[in-house]
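The values are calculated or read from the model by the stated rules, or taken from the named source; none is laboratory data. As the structure is a prediction and not an experimental result, all values here were calculated from the model. Every residue, glycine as well, gets a Cβ built from its backbone with ideal geometry; the counts of neighbours run over all protein chains shown. The area values use the complete protein model at the heavy-atom level, side chains included, leaving out ligands, DNA and RNA. Shrake-Rupley method; radii C 1.70, N 1.55, O 1.52, S 1.80 Å.
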Amino acid sequence: MAKKTKNSVADAVYAKKAVKKENPFATATAATSKKLNPFEVHMNKEKFQILGRTCKHDKGLPGVSRAKAIKKRKETLGQEFLRKDKTNKFKDRRIGKYLTGDQLNEEVMAARFVADKMERMKQNKHSRFNLNDDEVLTHRGQTLEEIEQFRDDRSDDDAEEDDKLDAAFTEAAHFGGDESAAAKDRKSAIEEMIAEQKKRKVEIAKEKDELYDLTEKLDSNYKDLISLVGKMSKNEMKKQEPDDYDRLTRELIFEPRGVVSDKLISEEDMAKKEKERLERLENERLRRMKAEGEEDDEEDNNKPKHRSADDLDDGYFANGVEEEDGTLVYTMDGQLGTNLNHDEDESGEEEEDDDDEDEEGVEEEDDDDDEEEGDDLDDLKVTDSEGEDSEVDNEVKSDKPKKDTKPKETTKKVNVQRTDLPFTIEMPKNYPEFVKLLNEYKLQDQPIIVERLIKCNHPKLEGVNREKVVKLFAFLLQLINEKFSDAGADDIREHFQFLSLIMPHLFDLIHLNTERMSNILLDVIKEKYSEFKKNSKQYPSLEVLIYFKIVSNLCSTSDFRHPVATPCYIFMQHILSKARVKSRQDIAMGLFLVSLCLEYGNISKRFLPAAFNFLTGLIFLCIPKRPVEIIKVVPPFQSQGPLNRLLAIATDSKEYKDIKEEPLNAEDLVTQLISNDFKVRSLNQTLQLIQDATTLVSEHVGSNFLVAPIFEMLDKLDVTPYPPYIKENYEKTKTLLETVVNKPLTKLVPPEKKPKALRLLEPRIETVYDDKRRPKLTKEKEEKVKLVHKIKRETKGAIREIRRDTEFLQKIRIQQQLQSDKERREKVKRIYAEASLQQGELNALEREKKKKKKF
């Protein structure tokens, strides 16, 4: 055995003493474990302990939460602070940036191109309106100019590719590289070079010709092969019969699709189209009216012809046509005058004859028109006053001198009415021009003239036309006023026919500018009312009633209050209650007003008491009364006097029974004398109006009080001498009135009150949210208080977080400032150290210099 040494014994002893122990760090808990560090835990004390409540915030970890908050701020707010005022980040804003190469199509590329072009236009504003597009278009990276067109122009001036000198010749000629050619002189070398260039060009041309011939030959062979290939393919391929699916597919493909309809046209476009249409028709009418070549002849004739001072007018009558100028010459009678006077004198009688013939032709046309329309009206004639006015206007407008004509001849002249209707008409400047324009045409054509005036001057075409249509409306009202103010029994029917024809155009006009034209119409009504107030016991003229009729057609009479209809309603009430009945015209006007009152209140079921009083008064006028007998009647009718028997008929007369049933005529409105047939017709019309008025007010409470006076007056009327139809209407009217009078009245009873419902008491359940003693609030107020408290709490939290963010940013700024100061101090120290070393070296050099000087 080996001898044990001292060292080995010691090692064995130490090995026995060593005891195997477990690693103490193996069971140690990690720092990130959930076990709380008692030094970091903060205990929150409560003032009061409440039984049954678990406090969630009795312990806290302020250090951990603070570290988490700082870490979160570094990741969010800190990064934003570091990136502040820095633009070193690339953002891909391309269109379709997430698409691969296969997905990029022409639409995406076009969108990119348009976006790029718009961006350049925004940057360069001057090129926005530049019509010369300087952009260079490319295709697959090459401009269109660079792309080879592959055209064989076969030109002799083509530039050769190898025109330049090659490298071998340059080296030999310029740098002496060719020893064999050193003995040659320069002239021979250049000649050889030229010969080689010509030879090479000939070879290239020959190759091109051969290539061209081969290409032509190949093309011809290919054309021959095409027909063979086509025949073989037709023979090999057999047509398959299409099945149902293929047939349906083809039908769907070739099925006609829906066509886009025209867009809706606005009022402005419609007005413009209508004006253009009328202008086109007017130009065509003028073109048709003139023969071919007449315009050129007129232009040649209108050109001024040169006449010398020595011209003796030898060829004055050579052409058989005299020049229409104002040259002073002697006429055939030996009198001094002009050519114009001479022409007028010669053609005076012919014009009169033509005028007479034209008048007869116009009357025949009017007769034909009247027969076709079925009207019983007389032919349109020009009155003496109109003829005189037109003659005066013609004399004023004509500047040519005329001979004195006889008064008999002037009375026979009548204005010839035009039959050609222009399509475009300018708006007359004043009222006389407007009247003259309408008088040039027949009565049936005058509404067409007004319609075309409206279309040619529509407000949608120009802003100025708004005033023109207002002026046209005023002209028409003035024309109606003149027609009906001086109307007679001869022309009253024509005036009413004109009113019926012109009414649709008045309706169109008032809707173009409702406010202005309503004010014009209201001003006319006010003016007529002021004239009526001066003599309220007399009926107004006929045009006032016509204005009432116009208002009923143009305005809404069913409104509770209307700016135009309501004043007219009151005006009619005053006329019926104040104006006295003295003649046939007054009775006809009163019946006309009553019919208008019923028309005004047809929809709204309103009525005028004066209308019922007027109907009662007419029945009173029909009752034959003895001189001593007095029947009570309400004004404006008089119970005594000669006017209380205007419509009375004696009970023993038999001449009235053969009168046929006819309505009131237009002539009754302008006739003063009361005839026998008018008495019958007026009574018949009165009975019909009583029936209509009774039907209108039958639904009203207290209608029997309105109808009772009429019923009492009808009882006193004896209908024995009247025709049978009067008796029938009398019985119908009396039966209807009796029904309304005997209608029982409903007693006034207060409205029934609904019984009060019992109060339903529900259990009041209040939710107690906490134990604090607060005043009792409703649920809404409680919610509001909670929201206010929550807002305050969140506001405090937001302010606290803002304060902490500001503190965090301030710390970052201080750290950056300290870091920059530290770097600056280090740089300053380094500069001072380098400067001190440099100064030490300089001092050492100076000392050495001093030592050398000493020695």
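Could you tell me whether any residue of the range 53-74 is of a type in the set (A, V, I, L, M, F, W, C) and open to solvent by 100 Å² or more (accessible area, probe 1.4 Å)?
For the range 53-74, residues of a type in the set (A, V, I, L, M, F, W, C) and open to solvent by 100 Å² or more (accessible area, probe 1.4 Å): absent.
Would you mind stating whether L689 is hydrophobic (A, V, I, L, M, F, W, C), assigned to a helix (DSSP H, G or I) and open to solvent by 20 Å² or more (accessible area, probe 1.4 Å)? If you could, list the steps in order and put the result at the bottom.
On the way: hydrophobic (A, V, I, L, M, F, W, C): yes; assigned to a helix (DSSP H, G or I): yes; open to solvent by 20 Å² or more (accessible area, probe 1.4 Å): no.
Taking the combined requirement at face value, the residue does not satisfy it.
Suppose we filter the range 436-473 for residues that are open to solvent by less than 40 Å² (accessible area, probe 1.4 Å) and over 28 Å from the mean Cα position of the chain (by Cα); how many remain?
So the count comes out to 9.
Taking the options I710, I674, name whichever one is touching a Phe, Trp or Tyr at 6+ places or on another chain (Cβ under 8 Å) and of a type outside the set (F, W, Y).
On the way: I674 fails: touching a Phe, Trp or Tyr at 6+ places or on another chain (Cβ under 8 Å).
Answer to the selection: I710.
Assess whether N704 counts as being modelled with pLDDT of 90 or more, open to solvent by less than 40 Å² (accessible area, probe 1.4 Å) and farther than 30 Å from D491 by Cβ.
So N704 does not fit the description; no.
Hey, can you tell me all the residues within the range 35-77 that are under 26 Å from R803 (Cα atoms), β-branched (V, I, T) and part of a loop (DSSP other than H, G, I, E, B)?
Passing the criteria: only V41.
Give me a count of the residues in the range 525-559 that are of a type in the set (S, T, Y) and in a helix (DSSP H, G or I).
Selection size over the range 525-559: 4.
In the set L673, L618, which member is of a type in the set (A, V, I, L, M, F, W, C), surrounded by fewer than 16 Cβ atoms within 10 Å (Cβ to Cβ) and within 18 Å of G590 (Cα to Cα)?
Numbers: L618 fails: surrounded by fewer than 16 Cβ atoms within 10 Å (Cβ to Cβ).
Result of the check over L673, L618: L673.
For L706, only one of the following conditions fails: (1) over 26 Å from R580 (Cα atoms); (2) touching a residue at least 24 places away in the same chain (Cβ under 8 Å). What is its number?
It fails just one condition, (1).
Answer yes or no: is there a residue in the range 623-643 that is open to solvent by less than 20 Å² (accessible area, probe 1.4 Å) and either touching a His at 6+ places or on another chain (Cβ under 9 Å) or among the polar types (S, T, N, Q) (or both).
no
Matching residues to (1) modelled with pLDDT of 80 or more; (2) among the aliphatic types (A, V, I, L, M):
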site	(1), (2)
K47	yes, no
G60	yes, no
G63	yes, no
Q79	yes, no
L82	yes, yes
R93	no, no
A115	yes, yes
E119	yes, no
H126	no, no
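Can you tell me which of L842, L837, L777 is at pLDDT 90 or above and open to solvent by less than 90 Å² (accessible area, probe 1.4 Å)?
That would be L842, the only listed residue that is at pLDDT 90 or above and open to solvent by less than 90 Å² (accessible area, probe 1.4 Å).
Of all residues in the range 699-713, count the ones that are over 16 Å from L608 (Cβ atoms) and either of a type in the set (S, T, N, Q) or in a loop (DSSP other than H, G, I, E, B) (or both).
3
Do you know which residues across the range 740-758 are in contact (Cβ under 8 Å) with a residue 40 or more places away in the chain and assigned to a loop (DSSP other than H, G, I, E, B)?
K743, L745, T746
Search the range 803-814 for residues that are closer than 11 Å to F81 by Cβ and pair each with any residue that is at pLDDT 95 or above and open to solvent by 50 Å² or more (accessible area, probe 1.4 Å) when their beta-carbon atoms are under 6 Å apart and the residues are at least 6 apart or on different chains.
none
Here are the criteria: (1) of a type outside the set (V, I, T); (2) touching a helix residue (DSSP H, G or I) at 6+ places or on another chain (Cβ under 6 Å); (3) assigned to a helix (DSSP H, G or I); (4) surrounded by 17 or more Cβ atoms within 10 Å (Cβ to Cβ). Tell me which single one R516 does not satisfy.
(4)
Being outside any loop (DSSP other than H, G, I, E, B), farther than 14 Å from F607 by Cβ and in contact with a Ser or Thr (Cβ under 6 Å, 6 or more places away or on another chain), is that true of even one residue in the range 714-732?
Looking for residues that are outside any loop (DSSP other than H, G, I, E, B), farther than 14 Å from F607 by Cβ and in contact with a Ser or Thr (Cβ under 6 Å, 6 or more places away or on another chain), one finds none in the range 714-732, hence no.
For E752, work out the one condition from (1) open to solvent by less than 80 Å² (accessible area, probe 1.4 Å); (2) within 57 Å of the chain's Cα centre (by Cα) it doesn't fulfil.
Only one criterion in (1) open to solvent by less than 80 Å² (accessible area, probe 1.4 Å); (2) within 57 Å of the chain's Cα centre (by Cα) is unmet by E752, namely (1).
Collect the residues in the range 248-301 that are open to solvent by 100 Å² or more (accessible area, probe 1.4 Å), of a type outside the set (A, V, I, L, M, F, W, C), at pLDDT 80 or above and closer than 29 Å to M427 by Cα, keeping them in residue-number order.
Listed by number, the residues that qualify are K273, E276, R280.
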